[in-house]
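The values are calculated or read from the model by the stated rules, or taken from the named source; none is laboratory data. All values derive from a computational prediction rather than experimental measurement. Using ideal geometry, Cβ is built from the backbone for each residue, glycine included, and neighbour counts are taken over all protein chains shown.
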Amino acid sequence: MIAGGDSLIQIHVKKKEKKISLDDVTVRLNGADITAQFLANHAARTLTGLVTGLRPGENRLTVDSDHKGKGHGDHGDADATLVNYPIEGPILSGPHEQPYACATQSFNLPAGLGNLGAALDANCSINRRVDYIYRTTANAFAQWPAGATTYPANMASTITTLGKTVPYIIRMETGTVNRAVYQITILHDPLKEAPPSWNAQPGNWNKRLIYTFGGGCIGGWYRQGSSTGGVTDNFMLSNGYALASSTLNVFGNNCNDLTASETMMMVKERFIEAYGVPAHTQGWGCSGGSYAQHQIGDNYPGLLEGIIPGCSFPEVGFATINFITDAWLLDNYFTARQAAMGWTDEQKRQVTGFLQYATAPNVAIGAHRIDANPATTSCTSVPVAQRYNPSTNPTGVRCTVYDHTVNVYGKDPATGFARRPLDNVGIQYGLKLVNSGTISAEQFVDLNEKIGGFDRDATIVPQRTVADLLAARAAYQTGRLTNGGGGLAEMPIIDFRDYNDVLPGGDIHVRYHSFSMRKRLEKANGRSDNQVMWVNDNRFGLYSNANPLLQSAILKMDRWITAIKADKRHIRQIDKVVQNKPADLQEGCYTKDATPAFIAEHQVRGPSTCHDLYPSNSFPREVAGADIAADIIKCQTKPLEQSDYAVTFTATQWARLQAVFPSGVCDWSKPGYEQQDPLGTWLVID
């Protein structure tokens, strides 16, 4: 899968083909001799070249050693089909979303370089541009002086991870792919080096790439966006790392992991064509940036070779949405019924599973990503006249996470809306508490009788929410629910969490999600020792590179990936990953002292030194009996049985429960409806 009409190609001539000289090899594209585009490395027996001029669609690349161009001859000849896609996309994600708002005029470059100006076309394209900035001795970036022939007097130098002291000058490339603005930054000295290329890499670069991902979700649709995951991080750049990102790799611009995967693939292709193949690529990002790392890592292995998800969730569509929509329903119920049913604040808190009840109304705000009401979903990218309104414009554009993923879920023929894999049928909210005597039988019945669900517009209604099973099947089959058994099964992971479970006022970034991802790895692979958890307090906020602990995670991940790639033993990849973990990279937590001390300890949700320091929330469905994996979209059910409860219900209460659960209650010991492994990796959605 190639975009933009060019591709860096490497041809290996096997050492056993001793009679074949690289000088005798001919390369043809669609019948035309392009051998001159390749450089020979006789020691490695490779030919490498940037092949240009690919036509749209299929192209035939042939390699032969007898100059006759027959292909598949007697001399190790070979051919390949190269499929070229438009630089505007799509490749993997299905038809482009419409409408689509360009943001080039509000995309601001650093160091006062201005914005990108008006887009050139409906795909929000711009002409590629290159700018230079440098780090000053005052610790800021400044524009490189036009026409400079000497270094600025206030230019800083930096020492890279390779131990080189170099001028701190950054080449910044900005362009568009897949309707996104992308940026690449890399150390490059324009006074001493020629413009970089795949075979003339910047000498000050440490040959490693960090791809950054941004957070958010609400409002992440129908727009290009005006921010990336960040490509001017001082710590990363000063250590010699190249950075890359795009606007569609920020979930607040694009709350769709499939489009994010596709865009990252296209940006990395551009990086390789322009700067060469990096020694490795690690992912970096918090919250929505963790969604991207987990799902790109699992579903499109090879794009990332190690990840550092921070303030993490397994994915947005299920682990996050089920958690926050349940909180919305519960907060709505308690607001209406607290006085009538005598709910204490402590009972309310325990029903949610949260360490503080304030988390429920806080995260309920985030649940509006399922809401088609433009007032609550940040639908500003869509012209007012085109926005959905159930009364005045029922066929208008719906700003929801499901409609943004319609290429995967398909449309419900009855409504024309995206199918929705959201369900709470059979869930017994507060089940563990009624059985422990924490809440009364009447409170339990009333809660489940009146909690309700969401209609197609996310209005709370008395009926429970029923998932579309075709959407549930698609979610499992395509990896929209992170399985953990794809690329993540063999990938080094540092899960970095700044602890926010008891942040005053509540916060969505609670710790149990790290354990959800761990459980999924264990279910898929039988092990999770390729995931290292680090926990510390939030004195630096969420995932700030001002945090020296997070800085060390980047350096240790670098060493980890480097060691894995240097290991040429013929053993299982997961064993290479685990055995090459740096000795000083241990799982654990940091104390809350002024100078934090590290406590090396396997992380668990139970009595331990680290858990005492940083206890983990539960969540509503776990209180209802679900597993920490949080991977069931719609539960299978079993009949109501009095023997399943530690309390006795009156006949009236039992009849009411039967009315609430006519098809039975969740049987969490069984897989969910349509629950299955993904169909594979590198899937393409038509």
statement: Over region 405-430, the set of residues within 21 Å of residue 673 (Cα to Cα), surrounded by fewer than 23 Cβ atoms within 10 Å (Cβ to Cβ) and among the aliphatic types (A, V, I, L, M) is 406, 425
- request: Just need a number here: residues in region 212-248 that are over 25 Å from residue 95 (Cα atoms) and within 14 Å of the chain's Cα centre (by Cα).
  value: 1
query: Within region 423-439, is there a residue that is over 28 Å from residue 605 (Cα atoms) and part of a helix (DSSP H, G or I)?
result: no
Pair list, Cβ under 6 Å, 6 or more apart: region 377-392 residue of a type in the set (Phe, Trp, Tyr), other residue part of a strand (DSSP E or B): 388/397
- request: Identify all residues within region 531-560 that are part of a loop (DSSP other than H, G, I, E, B) and among the aliphatic types (A, V, I, L, M); write none if there are none.
  value: 542, 546
- prompt: Take the residues of region 112-131 that are aliphatic (A, V, I, L, M) and surrounded by fewer than 18 Cβ atoms within 10 Å (Cβ to Cβ): which is nearest to residue 478 (Cα to Cα)?
  reply: 122
- prompt: Can you name the residue in region 5-17 that is touching an Asp or Glu at 6+ places or on another chain (Cβ under 8 Å) and not hydrophobic (A, V, I, L, M, F, W, C) and, of all such residues, is farthest from residue 63 (Cα to Cα)?
  reply: 6
- prompt: Do we have any residue at all in region 391-404 that's of a type in the set (Lys, Arg), at pLDDT 95 or above and buried (at least 23 other Cβ atoms within 10 Å of the Cβ)?
  reply: yes
- request: State yes or no: is residue 360 of a type outside the set (Lys, Arg) and surrounded by 21 or more Cβ atoms within 10 Å (Cβ to Cβ)?
  value: yes
Out of 134, 151, sole residue that is modelled with pLDDT of 95 or more, assigned to a strand (DSSP E or B) and either more than 30 Å from the chain's Cα centre (by Cα) or exposed (fewer than 13 other Cβ atoms within 10 Å of the Cβ) (or both): 134
message: Regarding region 329-336, can at least one residue be identified that is crowded, with 24+ Cβ neighbours inside 10 Å and within 29 Å of residue 532 (Cα to Cα)?
response: no
- line: The correct count of residues that are within 10 Å of the chain's Cα centre (by Cα), over 22 Å from residue 399 (Cβ atoms) and either assigned by the TED database to the domain that holds residue 198 or of a type in the set (A, V, I, L, M) (or both) in region 265-306 is 1
statement: Exactly one of 541, 526 is over 30 Å from residue 676 (Cα atoms), not assigned by the TED database to the domain that holds residue 237 and not acidic (Asp, Glu), and that residue is 541
- prompt: For region 600-686, which helices (runs of 4 or more DSSP H) that fit wholly inside it have 3 or more residues that are out of contact with any helix residue (DSSP H, G or I) (no Cβ under 7 Å at 6 or more places or on another chain) and on the phi < 0 side of the Ramachandran plot?
  reply: 609-613, 651-660
query: Somewhere in region 398-420, is a residue in contact with a strand residue (DSSP E or B) (Cβ under 6 Å, 6 or more places away or on another chain), charged (D, E, K, R) and part of a helix (DSSP H, G or I)?
result: yes
statement: Within region 1-18, restricting to residues that are in a loop (DSSP other than H, G, I, E, B) and among the aliphatic types (A, V, I, L, M), the one that is nearest to the chain's Cα centre (by Cα) is 1
Options 555, 503, 542, 469; residue that is in contact with a strand residue (DSSP E or B) (Cβ under 9 Å, 6 or more places away or on another chain) and either surrounded by fewer than 21 Cβ atoms within 10 Å (Cβ to Cβ) or free of Cβ contacts under 8 Å to residues at least 60 places away in the same chain (or both): 542
field: Filter result for residue 495 (touching a residue at least 12 places away in the same chain (Cβ under 8 Å) and more than 26 Å from residue 353 (Cα to Cα))
entry: no
task: From (1) under 25 Å from residue 170 (Cβ atoms); (2) in a loop (DSSP other than H, G, I, E, B); (3) in contact with a Leu (Cβ under 8 Å, 6 or more places away or on another chain), pick out the condition that doesn't hold for residue 105.
output: (2)
